[in-house]
Amino acid sequence: MSDSAIIVAELTTSAEEAPARAAAVADWLLDQRIIQPNDQPDPLWWPSQYIPGPAAAAAVRDLRHNTGLIGDGIDILDHRQVHDPGGNYTPPTCPNCTTPFDEDAHITLIKTWLDRTEPLVTCENCATATLLGDWTGPWAIHVANLAVRFHNWPPLSDTFILELGDRLGPRCRLIHKRI
Ligand SMILES: [Zn+2]
């Protein structure tokens, strides 16, 4: 069970590319010893395929976390799904003028994104048209074929997020989930 998660989702990876790229990202995280295989998966307490590795502290921002267990399991997700921030949800804002998206309209468009393609959205205030995944905010919702989810981890370091992003692809989004 988890009550928070940090999700790094990549928006350009196609469904066909996702499994191979997910495997490469898993190899890199294993090589770095950030994660290790979960030898004793438990459907309730340790359902994830991976658990924090001996060097997991290298991935987090606050070095006080360098002893003991960093967090719970890690999932590397290679199928299309909605990545939502749970109770943290706040509609994203226009990247041009910071006007917030109407919440109902946003949720409707997420379904369009999941079922078909990422919508291009025109801001009601400044008339700028922007892809939905480029509206800004850490509490938004994204649809992605590829993502890494860290359950109950402390904040990740900026360096680690950049390194992970390099391996995932060019359009990564960070989602902070509260369950
Ligand atoms: Zn705007």
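Summary table
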read-out	value
Every pair of residues 6+ apart whose Cβ atoms lie under 9 Å, when the first sits in region 76-98 and is closer than 18 Å to Ser4 by Cα and at pLDDT below 95 while the second is within 13 Å of the ligand (Cβ to nearest atom) and not in a loop (DSSP other than H, G, I, E, B)	Thr90/Pro100
Residue check for Ala58: over 18 Å from Asp134 (Cα atoms) and surrounded by fewer than 18 Cβ atoms within 10 Å (Cβ to Cβ)	yes
Failed item in (1) in contact (Cβ under 8 Å) with a residue 40 or more places away in the chain; (2) over 19 Å from Lys177 (Cα atoms); (3) among the basic types (Lys, Arg), with Arg33 passing the rest	(1)
Meets criteria (of a type in the set (Gly, Ala, Ser) and exposed (fewer than 12 other Cβ atoms within 10 Å of the Cβ)) for Ser14	yes
Residues of region 116-144 classified as farther than 13 Å from Thr98 by Cα and out of contact with any strand residue (DSSP E or B) (no Cβ under 8 Å at 6 or more places or on another chain), total	2
Filtered residues of region 6-52 (kept if modelled with pLDDT under 95 and either small (Gly, Ala, Ser) or part of a helix (DSSP H, G or I) (or both))	Ser48
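The values are calculated or read from the model by the stated rules, or taken from the named source; none is laboratory data. Being a predicted model, the structure only gives us computed values, none of them experimental. Neighbour counts are summed over all protein chains in view; Cβ atoms, including those assigned to glycine, are modelled from backbone coordinates with ideal geometry.
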